[in-house]
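First up is the structure itself, then whatever we jot down about it.
The values are calculated or read from the model by the stated rules, or taken from the named source; none is laboratory data. Every value quoted in this text rests on a predicted model; they were computed, and no experiment measured them. Neighbour counts run over all protein chains shown; Cβ positions are idealised from the backbone, glycine included.
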Amino acid sequence: MTVYLKDIPLKQAQERFYNALVENNLWKILRTESIPLDENAVGRVLAEPVWARISSPHYHASAMDGFAIRSAETIQAMPTSPVILLSPDQTQYIDTGDPLPDWADAVIPIEQVEALDQQGKPANELRKPTSIRIRAAATPWQHVRPLGEDIVASQLVLPAGQVLRPVDLGAAAASGHTHLFVAARPQVAILPTGSELIPIGQPPARGDIIEYNSIVLAGQIRQWGGEPTRHPITFDDFDLICQRVQHAAESSDLILLNAGSSAGAEDFSSKVIEHLGEVLVHGVAVRPGHPVILGFIHHKTSGGKIRIVPVIGVPGYPVSAALTAEIFIEPILAHWLGRPAWDPAVIQANLTRKITSPAGDTDYVRVVVGQVGEKTLAAPLARGAGVITSLVRADGITILPAGTQGLEAGSSVQVRLYRSANDLFQTIFAIGSHDMTLDLVAQFLAGQNRRFISANVGSQGGLVALRRGEAHLTGCHLLDPTTGEYNVYAIQQYLPTMPVRLITWVNREQGLLIRKGNPKGIVDLTDLVRSDITYVNRQRGAGTRLLLDYHISQLHLSLPNIKGYTQEEYTHLGVAAAIASGRADCGLGIPAAARALDLDFIPLYHERYDFVIPHSHLSGDLLNPLFDLIQNPEFRSAISSLPGYDLSQMGNIIIP
């Protein structure tokens with residue numbers, strides 16, 4: 001019976017698996033092949049070095065259109081005492097790239113020569129003169145590409161392990177090659193398993209999950225130089241999974257069994273691997289990706305030999321699946337291809353908020369990164385293993401070693417970047433209240449060489465972020481119940497010494513989001529205290545929550561009587577999703593969120609949503625494309641197509 005290894009440290013799991021690959025003679029370039037030297041070779045990895053078969057150039061070549069000469073015969077040439085050379089004995093016209101005559105050792109550009117005819121007058125045909133007159137001495141080998149200037153026969157042109165670029169192909173061709181020996185692409189089989197899975201394009205019923213992990217994994221495999229094969233979804237049937245794994249083993253170097261790697265009753269992956277081979281690791285102390293399985297299949301070939309095929313049980317959650325590929329699969333493919341493993345650029349950044357981490361796990365935290373003033377900031381994204389959009393938005397990963405239980409806001413961390421560091425300096429960092437128009441801002445600015453990254457922490461949290469120097473701007477809609485004014489009092493309270501500009505962005509409706517058809521007959525806020533109503537709230541510090549609390553107090557309603565008041569979401573769409581899913585009956589939000597999830601909307605209030613921008617960020621040109629959107633007809637039309645928005649005051653400056 002195989003002993004399953006639970007929660008072993010990441011490094012130990014990697015070493016156990018890689019050592020087993022070494023023992024089975026699989027920790028090397030698996031196969032090589034000869035491919036034609038053409039544009040299709042880009043991205044392939046050289047399995048053998050490229051040595052020059054010929055020199056380049058393989059003759060002395062002219063570097064200019066001009067006349068080949070013997071430099072010694074021009075020594076006396078001066079502007080006041082020119083030298084005349086006869087053609088063809090002392091000079092010969094040649095074009096760029098033409099071989100230099102054996103007797104010549106220099107070239108004079110055509111524009112520095114006076115071509116003469118038989119009478120010593122300017123020749124009509126510059127390229128076929130009887131003689132030439134020159135007024136400056138030439139130096140030996142001037143304007144000549146000598147034999148071997150670029151490449152000398154027998155020299156190393158490209159080392160083994162080089163990932164071929166377009167310019168590498170040119171160098172290989174120049175050195176006399178027509179084919180290249182490269183590492184064969186490792187064949188990787190991807191088998192999605194699970195009775196709840198449905199293929200892309202099939203409308204999902206309740207409980208169905210669209211299977212897209214195999215696309216992500218296949219894309220990663222191809223990006224890293226492998227050749228993926230996506231197999232059909234296999235239902236949770238032990239014998240059927242075994243059959244398909246054995247079939248995949250016939251033509252694969254690595255098998256990825258996706259899902260079914262947890263410790264639950266339907267943990268088919270470990271049972272299948274144990275039945276067909278050996279489980280080395282089941283459970284690694286890494287988040288996300290804890291239930292990963294590492295093992296081997298013992299496949300009997302048609303010739304009766306036993307072939308060892310590595311297999312990895314990849315967790316079903318999409319983030320866990322993608323990061324498992326980065327952590328375990330990419331290094332294997334790199335070794336099989338003979339290239340270095342992925343080595344991303346690493347920068348130092350400061351966390352924008354506190355994060356917690358399981359003490360015993362190596363924690364991979366997705367972050368977005370931006371440059372605000374002199375600070376490089378890393379804002380942690382959603383931690384859920386099922387939140388694939390957190391990887392879409394992520395600029396990089398910060399890794400918290402096992403034993404780290406968390407880090408405070410402001411802590412310095414290393415970020416392994418997914419994108420160019422230069423992109424970070426074109427990033428507008430917005431931290432504050434959520435609004436649907438922020439996604440439109442990001443969409444429109446993407447075409448203006450700007451990234452717009454927004455983190456939803458509420459209006460109060462956004463002002464605190466400005467005070468800490470952690471954002472370029474914040475979206476804010478904090479009502480002063482005493483004056484009825486928005487945001488001015490809050491700025492005085494949170495940013496008393498910071499010069500800021502307060503600019504109106506949109507006016508918008510707020511109201512109750514309810515299920516389609518209003519089955520509970522909800523009318524207004526007074527219904528929230530009904531025992532049959534479950535409310536979903538915004539987080540503390542959100543302007544929407546403060547708006548609710550103000551009107552609840554005006555109505556003299558009891559907060560403890562509002563069932564679900566402590567159930568919090570960070571965005572209007574989060575509130576809408578909670579209602580659409582049945583977790584709640586209603587919540588305060590904006591009509592655009594109701595439309596997005598096909599909910600009904602009861603309008604209650606109008607409010608002003610502003611941008612607060614420190615003066616220190618107004619001097620450069622980073623925010624100019626954002627301000628340009630205010631007058632952009634296409635952008636304004638896109639907002640106007642959403643319900644509940646009024647743009648009549650957009651761009652008004654409340655505080656200059």
Condition check for Leu323: within 30 Å of Ala430 (Cα to Cα), part of a helix (DSSP H, G or I) and not acidic (Asp, Glu): yes
Is there any pair linking a residue in the range 254-267 that is under 15 Å from Gly283 (Cβ atoms) to one that is buried (at least 24 other Cβ atoms within 10 Å of the Cβ) and modelled with pLDDT under 50, with Cβ under 7 Å and at least six apart or on different chains, and which? Asp267/Ser261
State whether the residues of the range 585-597 include one that is surrounded by fewer than 20 Cβ atoms within 10 Å (Cβ to Cβ) and under 23 Å from Asn487 (Cβ atoms). no
Scope the range 283-320; condition assigned to a loop (DSSP other than H, G, I, E, B) and crowded, with 22+ Cβ neighbours inside 10 Å; matching residues: Pro288, Gly289, Pro291, Val292, Pro315, Gly316, Tyr317
Give the residues of the range 250-267 that are at pLDDT below 95 and either surrounded by fewer than 24 Cβ atoms within 10 Å (Cβ to Cβ) or touching a Cys at 6+ places or on another chain (Cβ under 6 Å) (or both), sorted by residue number. Glu250, Ser251, Ser262, Ala263, Gly264, Ala265, Glu266, Asp267
Do we have Leu280 as in contact with a strand residue (DSSP E or B) (Cβ under 6 Å, 6 or more places away or on another chain), modelled with pLDDT of 90 or more, part of a helix (DSSP H, G or I) and surrounded by fewer than 24 Cβ atoms within 10 Å (Cβ to Cβ) here? no
List the pairs whose first member sits in the range 554-581 and is in contact (Cβ under 8 Å) with a residue 24 or more places away in the chain, whose second member is among the hydrophobic types (A, V, I, L, M, F, W, C) and surrounded by fewer than 15 Cβ atoms within 10 Å (Cβ to Cβ), and whose Cβ atoms are under 6 Å apart, counting only residues at least 6 apart or on separate chains? Tyr565/Leu559
Considering only residues that are closer than 15 Å to Leu256 by Cα, in contact (Cβ under 8 Å) with a residue 60 or more places away in the chain and small (Gly, Ala, Ser), which ones fall in the range 272-308? Gly289
Residues (without any contact (Cβ under 8 Å) to a residue 40 or more places away in the chain and outside any strand (DSSP E or B)) located in the range 396-418: Pro401
Picking from Ala106, Ala123, Ala115, the residue that is closer than 22 Å to Arg145 by Cβ and touching a Leu at 6+ places or on another chain (Cβ under 9 Å) would be Ala106
Test for Gly161: is it in a loop (DSSP other than H, G, I, E, B) and not assigned by TED's automatic domain parsing to the domain that holds Ser81: yes
Here are Thr324, Thr376, Thr356: which of them is in contact with a strand residue (DSSP E or B) (Cβ under 8 Å, 6 or more places away or on another chain) and surrounded by 19 or more Cβ atoms within 10 Å (Cβ to Cβ)? Thr324
For the range 182-221, which residues satisfy the criterion of being touching a Gly at 6+ places or on another chain (Cβ under 8 Å), part of a strand (DSSP E or B) and at pLDDT below 95? Thr193, Ile209
Residue hits (the range 554-584; surrounded by 20 or more Cβ atoms within 10 Å (Cβ to Cβ) and among the acidic types (Asp, Glu)) are Glu569
Return the only residue of Arg383, Arg366 being of a type outside the set (Asp, Glu), within 24 Å of Gly316 (Cβ to Cβ) and surrounded by 19 or more Cβ atoms within 10 Å (Cβ to Cβ). Arg366
I'd like to check something: does the range 597-612 contain any residue that is modelled with pLDDT of 95 or more and in a helix (DSSP H, G or I)? no
Do we have any residue at all in the range 336-344 that's crowded, with 22+ Cβ neighbours inside 10 Å and under 21 Å from Gln223 (Cα atoms)? yes
